[in-house]
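Below: one structure, written as structure tokens.
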Amino acid sequence: MKLAVLDAHAANPGDLSWDAFKDLAAVTLYDRTNQDEVVSRVKDCEAIFVNKVVITEEILAQLPKLKYIGVCATGYNVIDLEACSKRNIIVTNIPSYSSDAVAQHVFALITNFSNSVALHSSSVHEGDWVSSPDFVYWKRPLFELSGKTLGIFGYGSIGSKVAEIGKAFGMKVICNTRTKKEGMPEYVTFEDLLKKSDIVSLHAPLTDQTKNIINKNTLSLMKPTSYLINTARGGFINENDLADALKNNVISGYAADVVSVEPMSKDNSLLGCPNCVLTPHIAWAPKETRERLLGIALDNFKAWLSGSPINVVNKK
């Protein structure tokens, strides 16, 4: 059994171990793989693991030995699932492994706006406090989260965890999601979510329906004092429309861990925008989270080898 990991560096830059996989197969690790390298690297493999490497029908047609694709992420839009099903290739993903880490990052971004810790720390180190005539000053208005309305778009494992933390801060939580669940916060339409929320956090899957769902028209529904948080998918955002909204104070701020093209393009319209906080897709990256990811990936692989695959995302 030959197994190739095509973008091993993302999940494991060297602080974790692949040894458990090596006990089950002949493993070849590639830190990174360009699209034009995929076929040559895995043509003799029965199984592969990928994270962001795109596997198309054209590529699959050149891989007659391939029987299993393990996606080392929750999202699997990089894989042509229909083409895999036609070829009886099993595709699995890693569900719910990063809920705590991503929710934690959401509030790191939210509190960046409410408390401006980085801004004030920089100010202090630049000497502003030393030269201040007062014992206190602030570079921009601060605000309490308690009493604010947190709108959550998508109420899966991450969205529900964000709601839980929001309630702990004393926030009112409302949500919009495809499937209503018992015990969930107040359900509202997407339009009302944008209109009523002081902070909107995005947690839905990227589909044809949600692509560019944040655009000039939907941004105009939001309060000028509101903030938008995106740790889900860059494809939700029409980035040109959002850049214009930030420059024209349509909303107060945007914070994201994702953009439409990653790594970020140098001509991305959000670069340099006012009140725009961007992190390089790190919400899922704590060591504990990546350990959990590799553990589930190993369980998925073992289950497939045993003939009883789990976490399958394509039709058989």
Could you list, in sequence order, all residues of the range 1-28 that are more than 17 Å from Ala73 (Cβ to Cβ) and in contact with a Phe, Trp or Tyr (Cβ under 6 Å, 6 or more places away or on another chain)? Val27
Which condition does Ser122 not pass, out of (1) open to solvent by 40 Å² or more (accessible area, probe 1.4 Å); (2) in contact with a Gly (Cβ under 8 Å, 6 or more places away or on another chain); (3) small (Gly, Ala, Ser), if it passes all the others? (2)
Total residues in the range 4-17, condition surrounded by fewer than 17 Cβ atoms within 10 Å (Cβ to Cβ) and closer than 23 Å to Ser306 by Cβ: 1
Restricted to the range 244-291, and to residues that are under 16 Å from Met222 (Cβ atoms) and of a type in the set (Ser, Thr, Tyr), which residue is surrounded by the most Cβ atoms within 10 Å (Cβ to Cβ)? Tyr254
Asn88 vs. criteria closer than 30 Å to Gly159 by Cβ, touching a residue at least 60 places away in the same chain (Cβ under 8 Å), open to solvent by 10 Å² or more (accessible area, probe 1.4 Å) and of a type in the set (S, T, N, Q): no
Checked against (1) hydroxyl-bearing (Ser, Thr, Tyr); (2) at pLDDT below 95; (3) touching a Cys at 6+ places or on another chain (Cβ under 6 Å), Tyr155 satisfies every condition except (2)
From the list Ile94, Ile48, which residue is outside any helix (DSSP H, G or I), out of contact with any Gly (no Cβ under 6 Å at 6 or more places or on another chain) and under 30 Å from Phe169 (Cβ atoms)? Ile94
Residues Thr177, Thr111, Thr189: which one is among the hydroxyl-bearing types (Ser, Thr, Tyr) and surrounded by 18 or more Cβ atoms within 10 Å (Cβ to Cβ)? Thr177
The lone exception for Glu58 - which of (1) within 23 Å of Thr289 (Cβ to Cβ); (2) not in a loop (DSSP other than H, G, I, E, B) it fails: (1)
Name the single residue that is surrounded by the fewest Cβ atoms within 10 Å (Cβ to Cβ) among those in the range 64-85 being in contact with a helix residue (DSSP H, G or I) (Cβ under 6 Å, 6 or more places away or on another chain) and either farther than 24 Å from Ser157 by Cβ or free of Cβ contacts under 8 Å to residues at least 24 places away in the same chain (or both). Ala83
With the structure loaded, tell me whether Leu194 is of a type in the set (A, V, I, L, M, F, W, C), crowded, with 17+ Cβ neighbours inside 10 Å, over 17 Å from the mean Cα position of the chain (by Cα) and assigned to a loop (DSSP other than H, G, I, E, B) or whether it fails that test. no
Every pair of residues 6+ apart whose Cβ atoms lie under 7 Å, when the first sits in the range 284-297 and is free of Cβ contacts under 8 Å to residues at least 40 places away in the same chain and of a type outside the set (Asp, Glu) while the second is assigned to a helix (DSSP H, G or I) and open to solvent by less than 40 Å² (accessible area, probe 1.4 Å): none
Among (1) within 26 Å of Lys148 (Cβ to Cβ); (2) surrounded by 20 or more Cβ atoms within 10 Å (Cβ to Cβ), the one test that Asp241 misses: (2)
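The values are calculated or read from the model by the stated rules, or taken from the named source; none is laboratory data. Predicted model only: the values in this text are computed from it and were never measured. Heads up, the Cβs are rebuilt from the backbone with ideal geometry, glycines too, and the neighbour counts pull from every protein chain shown. Protein only, heavy atoms only, side chains kept; ligands, DNA and RNA dropped before computing areas. Shrake-Rupley method; radii C 1.70, N 1.55, O 1.52, S 1.80 Å.
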